[in-house]
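Here's the structure, in structure tokens; my notes come after.
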Amino acid sequence: EWVITNSEDEMKIGIMGAGNMGSAFARRLAAADHEVAIAARGLDEARKVASQVGHRVRAVTREELAEGTDLLILATPYGASVDALRAVRHTDGKTVIDISNPLNQDMSGLVVGHTTSGAEEIQRAVPRVKVVKAFNTVFSAVLGSQPGGDSKVQVFYAGDDAGAKDTVRRLAESIGFEPVDGGPLANARYLEPLGMLNIWLGYVGGRGTNIAPRWDTAASAVPVAV
């Protein structure tokens with residue numbers, strides 16, 4: 001087992017979804033000493049992940065997920081996100097991280113874009129929560145792996161509520177990522193196509209699922225003389 005030592009900012013986090021991303025989040029968050037509640041469509045699915053991770057992870061029903069938590073992570077496919085979030089009680093004012101990419105059924109493209117985004121549609125459908133787009137460019141293989149190396153994986157986040165964004169920034173830092181402020185929630189219109197490109201490069205382009213996009217400062221900002 002591995003442990004992330006940067007755990008001074010301990011949080012209580014609810015994860016909706018017990019698939020690849022949900023279970024990877026549970027493992028990484030628990031390694032940083034966050035307290036995790038996980039829910040899924042069926043309680044048995046959540047219990048399976050909780051038993052596999054063990055340390056600091058418990059299974060709850062969808063209705064109970066928000067109780068006592070500092071924020072929620074929507075680790076469901078985009079098409080299921082609104083219904084899953086609406087099933088949770090006591091979500092008013094909660095910070096909700098939307099990690100989804102609004103893929104069509106064969107994963108060949110996005111079902112929304114340009115004039116809106118998946119994150120904006122979720123916010124519109126459930127207006128009493130504070131949606132922050134984040135982690136949609138991080139594969140579950142990256143999320144569930146032990147942090148290491150000289151270069152941290154970047155997590156781009158976008159939202160309209162400053163407090164919610166700061167919570168997401170602190171969370172990303174606490175589990176070994178480099179958070180990058182991506183601006184207002186409308187900028188999810190750009191982050192979601194970036195997530196789609198990452199998926200294409202990983203699966204179709206043959207790069208594998210241990211990749212992640214990164215913005216680096218150029219080696220030189222000196223203009224080239226002509």
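The values are calculated or read from the model by the stated rules, or taken from the named source; none is laboratory data. Treat the numbers as computed from the prediction; the structure is a model and nothing was measured. Cβ: placed from backbone, ideal geometry, glycine included. Neighbour counts: every protein chain shown. For the accessible areas, the whole protein counts, side chains as well, though only heavy atoms, and no ligand, DNA or RNA atoms are used. Shrake-Rupley method; radii C 1.70, N 1.55, O 1.52, S 1.80 Å.
Descriptive notes on the structure:
- Given charges at beta-carbon only (K, R positive; D, E negative), |dipole| of the range 83-226 in Debye: 220
- Each pair of Cα atoms in the range 1-121 enters the Kirkwood radius, and Stokes-Einstein at 20 °C and 1.002 mPa s then converts it into a translational diffusion coefficient of 145 µm²/s.
- Helix 20-31 and the long axis of the chain differ in direction by around 80°, with both axes built from C-alpha atoms.
- Residue of L85, L201, L185 that the Gaussian network model of the chain assigns the largest fluctuation, springs spanning Cα pairs under 10 Å: L201
- Every pair of different Cα atoms in the chain enters the Kirkwood calculation, which places the hydrodynamic radius at 17.7 Å.
- Model label points for L43 and S140, set 7 angstrom from Cα along the Cα-to-Cβ axis, are 2.4 nm apart.
- Label point 7 Å beyond Cα of Q105 along Cβ direction - residues of the range 48-89 with amide nitrogen under 17 Å: 77-80
- Based on protein heavy atoms only, the chain ends up with 50 Å² per residue of surface accessible to a 1.4 Å probe.
- By DSSP, the beta bridges lying fully in the range 99-204 are antiparallel in about 50 percent of cases.
- Here the chain carries DSSP beta bridges of which approximately 15% are antiparallel, counting only pairs with both residues inside.
- Pairs from K12/K94; K48/K94; K94/K152; K12/K130 whose Cα-Cα separation, in the structure shown, is over 21 Å: K48/K94; K94/K152
- Relative contact order, percent, the range 21-145 [alpha-carbon distance under 8 Å, six or more residues apart]: 24
- For the chain, a Gaussian network of Cα nodes joined below 10 Å ranks A87, A18, A26 by mean-square fluctuation, and the top entry is A87.
- Qualifying aspartates and glutamates (Cα of each under 17 Å from Cα of K165; at least 8 residues distant if same chain): D9, E10, D70, D92, D98, E120, E173, E178, D181
- Of M11, M21, M107, the one that fluctuates the most in a GNM where the chain has Cα springs shorter than 10 Å: M107
- Relative contact order, percent, the range 4-77 [alpha-carbon distance under 8 Å, six or more residues apart]: 40
- Peptides 202-208, 68-74, 51-57 ordered by average Cβ neighbours within 10 Å, highest first: 68-74, 51-57, 202-208
- Percentage relative contact order, the chain, counting C-alpha pairs under 8 Å, at least six apart: 18
- Apolar share of the accessible surface for the range 94-226: 53 percent from carbon plus sulfur atoms, 1.4 Å probe.
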